[in-house]
Amino acid sequence: SLQSPISLTIEADLGEARRLIAFNQPIDSHLEALGHIPLPPYIQTPLTDSERYQTIFSRIDGSAAAPTAGLHFTPELLLTLRDRGVALDYVTLHIGLDTFKPVTVEHVETHTIHRELAQLSSDTARRINQAKLAGGRLVAVGTTSVRTLETAALRSAGVTGSLKEASQRDTNLCPWKPVVAIEEETDLYIYPGYTYRAVDVMLTNFHLPKSTLLMLVSAFAGADLIRRAYELAIAEKYRFYSFGDAMLIV
């Protein structure tokens, strides 16, 4: 039971149905009892088991949605990958609610991209760089990992400030240090025309139409190939979105 009633004050209207709220006491311990997992609008049935919407390697609170490509991984699969010589590492990106927001503008470059907290440790950056320089391939699990890794690659290449126009830039890769450690609110906006600098292979689910995530994968594989892949997935009755199937883009 609660020790005292929880009250809140709305301190600012941030626009687009967002508010800055101050509580009269710490609420972290009450969130599990009182809160609900924010689900995508296409999931209408409440979750009976919240663990179904969590990856097995999630550790840090803060994301408003699951990195759904990671939902395919089980402890047994991770062990199998390790046994086959695949090195595993982890990054953090706190997914924002805007990830479900469709692109409504006519010209994609004028879309206002959302910011998300991205974290990549110095140890992880060192291991990635060693693998890349040794000729290894960097496989990103999900668009969240892609956004984090490509932000780290752009920072390593000396790009400072906002990254929302990175798809219109011709920025070289740092040849001896492909990525650097980061902890920042990234506004990296990837759409066709973007040059990938870190990610070599991508595992990702099938995304909503008119979404920034669909543009991100189209920038990686080409819009025509992605369109054909989606047409085949529909014909073969693959499952789409959060609890759906995944594709490996090589």
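The values are calculated or read from the model by the stated rules, or taken from the named source; none is laboratory data. All figures in this text were calculated on a predicted structure; none of them were measured in a lab. In this analysis, Cβ positions are derived from the backbone assuming ideal geometry, glycine residues included, and neighbour counts consider all displayed protein chains.
Checking the condition within 26 Å of the chain's Cα centre (by Cα), modelled with pLDDT of 80 or more and either under 19 Å from Gly62 (Cβ atoms) or part of a loop (DSSP other than H, G, I, E, B) (or both), which residue from Ile21, Ile43 passes?
Ile21
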So how many residues does the stretch 137-160 have that are touching an Asp or Glu at 6+ places or on another chain (Cβ under 8 Å) and in a loop (DSSP other than H, G, I, E, B)?
-> 2
Restricting attention to the stretch 52-97, the residues that are aliphatic (A, V, I, L, M) and part of a helix (DSSP H, G or I) number exactly 7
Check Ala181, Ala157, Ala233, Ala166 and return the single one that is buried (at least 21 other Cβ atoms within 10 Å of the Cβ), touching a residue at least 24 places away in the same chain (Cβ under 8 Å) and more than 14 Å from the chain's Cα centre (by Cα).
-> Ala166
Within the stretch 70-86, can one find any residue that is surrounded by 14 or more Cβ atoms within 10 Å (Cβ to Cβ), of a type in the set (Val, Ile, Thr) and either within 21 Å of His207 (Cα to Cα) or modelled with pLDDT of 85 or more (or both)?
-> no
